[in-house]
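Right, one structure below, let's go through it.
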Amino acid sequence: MSVRTGWLALGLLSFFGGVAVLSGAVGLGVGRGALVAVACGLLIGAIATLSRRRGSREQTGTPDPERTYRVPAPGSSLADAIGQLRETQGVYTAHSRRFVDGLRTGVVAVLTRFEGRSAEEAQGRLEAGEWTDDRRAAALLSKSVDPPSSSLRRRLSAAVNRETTFRNGIRRAGASIARIGYGDGSAASDSNPLPKYEETDSTRTDRDPRTTSKRLRGTEHARERATEYWTGVGAVALFAVGIGALAESPAVVLAGVVGVGYAGFARAFDPPVPKITLDRAVSNESPEPGDEVDVTLTVTNETDRLLPDLRLVDGVPPGLTVTDGTARIGTALRPNESVALEYTVTARRGTHEFDPALVLTRDPSRSSERQVYVGEDTSIVSAPVLRPIAAPVPLRATAASFAGRLQTTDGGTGTAFHSVREYRRNDPLNRIDWNRHARTGELATLEFHEERAARVVLLLDTRIDAYLAPSPDDRHAVDRSVAAAGRTAATLLENGDTVGLAAIGPGRSTAEEGASSKQEPCWLAPAAGRHHRVEFERLLATHSQFSAVAPKRGTQWFGQLRTLRRRFSAETQILFFSPLCDAGSLEIAQKLEARGYPVTVVSPDPTTDRTTAQQLAGVARRIRQFDLQRAGIPVVDWEAGESIDDVFARVDAGDMR
Amino acid sequence: MSDVTRRPTSVSRTVAFGGAMVAVLAATVGSIYGFGIGVVGLAVLALGLARGNRDAIDVGSLAIFAGVVAGGLQGESVELTVLATIGTVLAWDLGHDATDLGEQLGREAETARLEAVHVLSSLLIGLVAATLGYGVYVFAAGGQPIAAVVLFVLAGAALVVALGSGRDSGGWTGNANSRRR
């Protein structure tokens with residue numbers, strides 16, 4: 001402050017000196033030389049100040065609450081994908097940097113699964129390079145195979161750019177492995193271009209999809225900052241004054257004076273303290289997934305002073321996307337004036353709470369900015385639709401002790417014909433084949449497929465490894481699982497089966513910071529009836545384990561699985577919804593099956609093949625699927641474009657895929 | 001899904017370009033050099049406004065102002081130079097304003113009212129400052145001693161520094177480069 005006072009004093013002193021000279025009271029013997037010196041000093045000062053302007057501008061960046069959280073596709077990095085391939089062979093050194101070794105493991109893995117080779121045989125084919133038609137891929141993975149001779153130009157470029165050559169080799173090897181993994185004819189996939197080595201997605205932004213993760217009511221002042229908006233205008237003004245004085249040009253001096261006016265304007269104000277209230281109205285608080293919901297946000301200036309500069313970004317929940325209109329507004333508000341902001345969001349399944357709105361106010365000259373969060377509790381709960389599926393749910397044929405609609409292979413009472421056997425004493429009259437008796441006089445008894453009620457628990461994989469989607473904006477696997485679980489439950493309940501619900505996912509200890517409710521892991525014991533159905537729907541919509549937003553950390557699922565196993569009663573069937581994109585999901589299914597619970601896996605497929613890593617992650621998933629099926633656990637593969645009705649109808653027709 | 005278009009908003013951008021046009025035309029009257037520099041500046045500024053590039057807006061406005069100064073040195077009309085200066089500052093100010101708004105709120109957001117307030121306040125400040133300066137100029141037209149001119153210039157410089165130094169002692173934190181494009 002003392003420096004400032006000093007300059008102020010100097011300025012005032014000079015001003016009064018000038019006035020004194022003008023009025024003739026004081027005569028100073030100053031000539032042109034002094035004027036030139038002062039002007040040059042001003043020029044140097046101006047340039048120095050201007051150079052400081054570069055990079056000094058500041059403003060608060062705004063997040064992108066209009067977007068949802070983006071979930072990755074399986075195989076986000078090559079090391080990760082190769083780690084997955086190695087895990088399928090029981091090699092747990094994830095994130096190994098030695099790609100070639102990992103790919104060799106991968107080749108053995110696919111050859112032993114999909115071509116029925118023994119491990120030694122697969123190793124032999126790998127060394128001899130007979131596993132693929134692609135000589136370059138074979139040469140990369142085996143030292144005993146010579147790479148095909150190539151043109152001089154190609155060899156030169158290979159020598160110059162070893163990185164590219166290596167990457168091309170990896171791409172070719174990955175594509176060759178995938179070709180075996182998918183079991184198509186290799187000729188058909190030759191025409192497909194190689195996938196990219198890594199993703200170069202320019203549309204990706206690092207902006208946060210939330211304004212803030214804090215929960216608050218009312219107003220919270222975050223900070224005040226200078227925007228340095230007018231920095232440099234004073235310097236330019238001085239420059240003009242200096243030039244004008246040198247050239248004795250009143251026009252240029254006056255131009256400088258105008259600039260000085262703006263410099264003063266920049267310093268004149270403090271940013272107003274906003275006191276605004278928000279009122280948010282949604283057209284439908286419990287829409288069905290996919291419905292459009294209109295949001296109207298009314299912003300009111302509660303002070304009796306003008307708010308000259310108000311910028312507002314509404315805290316659209318991270319699980320919702322704005323599909324029409326925009327959740328931002330910039331305006332000026334007179335005292336007690338209101339402005340309405342309207343936009344439309346598309347509902348997705350789950351509970352969505354609005355985050356506090358981000359409010360930025362500036363003073364009239366825009367040289368300082370205040371950042372404020374204003375909270376207003378609004379939430380949208382979108383429950384999945386419990387509409388039954390026409391096709392039967394693919395359950396394992398196993399006997400339970402209560403009558404129901406699950407047809408078993410045992411003969412007995414029921415409706416569907418099973419067989420005819422000899423009459424035994426005490427067989428009920430209505431099951432005697434009277435037609436045969438009339439024809440031949442023999443007594444025979446009709447057998448029907450026994451029908452039993454299934455006791456089914458729908459187990460959902462909602463660990464962080466299940467929040468995967470083919471492309472960042474697609475529905476992720478957990479979302480698809482929850483929707484399918486709702487419809488499966490509706491189908492089973494309608495058929496008189498008892499259905500329970502459980503999940504393995506973010507538990508109490510790892511509940512997201514700031515989450516409104518830290519809940520126990522989801523568990524709903526198998527039951528039937530109207531009340532049970534309502535409870536089922538409520539849990540799917542609101543339980544924190546079925547959140548539309550991925551958890552921040554992984555889950556310690558061993559403990560959860562142990563608790564669940566104690567809860568399952570004997571003869572409980574388990575329908576496990578999991579994308580099968582990590583070793584953990586495989587292990588969960590295997591452990592449950594080993595304990596004697598018949599497991600069926602319904603697996604929404606989130607894999608894609610834009611890059612080599614994603615392609616290899618897809619292969620790893622197919623290997624897991626194969627291993628489960630080999631262990632007798634049916635896996636229902638559910639591709640991204642398919643509806644669950646189509647999938648179950650396909651399985652009913654006998655195509656497990 | 002609607003993405004935010006983080007590009008300069010339209011109203012401020014249009015006014016900024018208009019101000020720059022006025023500045024270049026007014027500077028042209030006096031001097032052919034002023035015209036040359038001004039047109040180059042206008043081109044750079046237009047590029048900056050289209051892309052939302054702050055450096056281009058800075059450089060373009062400075063070039064236009066250099067043209068205005070050249071015009072003022074060669075030309076006779078004080079009034080046109082002052083008008084051109086206001087135009088230049090408007091172009092620079094609103095160019096940055098449009099960029100800021102575009103980056104924070106995006107082009108789709110409803111910002112017309114806010115931009116109108118900015119245009120008016122900016123224009124008002126320029127007019128008031130110009131009127132005051134011009135008043136003093138008309139009043140004091142005549143032969144002043146050179147020492148008085150020097151002292152007035154010094155006074156102006158010291159006052160600007162004094163007003164501006166509060167900025168450095170404010171103690172704001174924040175990464176200066178993080179928000180720049």
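Observations on the model:
- Selection count where residues are crowded, with 24+ Cβ neighbours inside 10 Å and either of a type in the set (Asp, Glu) or more than 7 Å from chain A (Cβ to nearest Cβ) (or both), scope the stretch B:62-86: 4
- Test for A:Ser401: is it of a type in the set (S, T, N, Q), modelled with pLDDT under 85 and farther than 29 Å from B:Ser122 by Cβ: yes
- Scanning the stretch A:608-618 for residues that are farther than 12 Å from A:Asp582 by Cα and buried (at least 23 other Cβ atoms within 10 Å of the Cβ) yields A:Thr611, A:Thr612, A:Ala613, A:Gln614, A:Gln615, A:Leu616.
- Cross-chain or 6+ apart pairs with Cβ under 9 Å, the stretch A:330-345 first and within 11 Å of chain B (Cβ to nearest Cβ) and more than 27 Å from A:Ser286 (Cβ to Cβ), then outside any loop (DSSP other than H, G, I, E, B) and small (Gly, Ala, Ser): A:Gly330/B:Ala112; A:Thr331/B:Ala112; A:Ala332/B:Ala116
- Considering the stretch A:66-171, the qualifying helices (runs of 4 or more DSSP H), each wholly inside and each with 3 or more residues that are within 30 Å of the chain's Cα centre (by Cα) and outside the structural domain of A:Arg463 (by TED's automatic domain parsing), run over A:78-88, A:99-114.
- Where a residue in the stretch A:67-86 is of a type outside the set (Asp, Glu) and its partner, wherever it lies, is part of a loop (DSSP other than H, G, I, E, B) and surrounded by fewer than 18 Cβ atoms within 10 Å (Cβ to Cβ), with Cβ under 6 Å and at least six apart: A:Arg70/A:Pro472; A:Ala79/A:His95; A:Gly83/A:Ala94; A:Gly83/A:His95
- Candidates are the residues of the stretch A:295-325 that are within 13 Å of another protein chain (Cβ to nearest Cβ) and in contact with a Phe, Trp or Tyr (Cβ under 6 Å, 6 or more places away or on another chain); the one that is farthest from B:Leu105 (Cα to Cα) is A:Val322.
- Some residue of the stretch A:261-284 being facing another protein chain (nearest Cβ under 8 Å), within 28 Å of the chain's Cα centre (by Cα) and farther than 30 Å from B:Leu127 by Cα: no
- None of A:Leu333, A:Leu358, A:Leu310 is aliphatic (A, V, I, L, M), closer than 30 Å to A:Ala548 by Cα and crowded, with 22+ Cβ neighbours inside 10 Å except A:Leu358.
- Every residue from the stretch A:517-570 that is of a type in the set (D, E, K, R) and assigned to a helix (DSSP H, G or I): A:Arg530, A:Arg533, A:Glu535, A:Glu537, A:Arg538, A:Arg562, A:Arg565, A:Arg566, A:Arg567
- Count of residues meeting criterion [within 7 Å of chain B (Cβ to nearest Cβ), more than 25 Å from B:Asp58 (Cβ to Cβ) and in a loop (DSSP other than H, G, I, E, B)] in the stretch A:217-256: 0
- Here the stretch B:56-86 is the region considered, the condition is being among the polar types (S, T, N, Q) and over 16 Å from B:Gly19 (Cβ atoms), and the residue that is modelled with the highest pLDDT is B:Ser77.
- Every residue from the stretch A:580-604 that is touching a residue at least 60 places away in the same chain (Cβ under 8 Å) and within 22 Å of the chain's Cα centre (by Cα): A:Cys581, A:Asp582, A:Ala583, A:Gly584, A:Ser585, A:Val602, A:Pro604
- Among the candidates B:Val119, B:Val89, residue that is at pLDDT 70 or above, crowded, with 16+ Cβ neighbours inside 10 Å, under 20 Å from A:Ala268 (Cβ atoms) and more than 7 Å from chain A (Cβ to nearest Cβ): B:Val119
- Consider the stretch B:94-112 and keep the residues that are within 17 Å of the chain's Cα centre (by Cα) and within 8 Å of chain A (Cβ to nearest Cβ). The one that is nearest to A:Asp64 (Cα to Cα) is B:Asp100.
- Inclusion of B:Ile32 among residues that are surrounded by 21 or more Cβ atoms within 10 Å (Cβ to Cβ), out of contact with any strand residue (DSSP E or B) (no Cβ under 9 Å at 6 or more places or on another chain) and either more than 11 Å from chain A (Cβ to nearest Cβ) or at pLDDT 90 or above (or both) is not warranted.
Table: residues versus (1) over 18 Å from A:Glu220 (Cβ atoms); (2) of a type in the set (D, E, K, R).
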{"site": "A:Val258", "(1), (2)": "yes, no"}
{"site": "A:Arg267", "(1), (2)": "yes, yes"}
{"site": "A:Arg280", "(1), (2)": "no, yes"}
{"site": "A:Val295", "(1), (2)": "yes, no"}
{"site": "A:Leu306", "(1), (2)": "yes, no"}
{"site": "A:Leu310", "(1), (2)": "no, no"}
{"site": "A:Pro317", "(1), (2)": "yes, no"}
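- Any hit, the stretch A:69-78, residues being at pLDDT below 80 and within 14 Å of chain B (Cβ to nearest Cβ): yes
- Filter pass, A:Asp279 being at pLDDT 80 or above and touching an Asp or Glu at 6+ places or on another chain (Cβ under 8 Å): yes
- Candidates B:Ala66, B:Ala26, B:Ala84, B:Ala70, filtered to the one that is in a helix (DSSP H, G or I) and farther than 17 Å from A:Phe239 by Cβ: B:Ala26
- The lone exception for A:Arg348 - which of (1) within 14 Å of chain B (Cβ to nearest Cβ); (2) assigned to a strand (DSSP E or B) it fails: (2)
The values are calculated or read from the model by the stated rules, or taken from the named source; none is laboratory data. Keep in mind it's a predicted model, so treat the numbers as computed, not measured. So basically every Cβ, Gly included, is an ideal-geometry build from the backbone, and we count neighbours across all protein chains shown.
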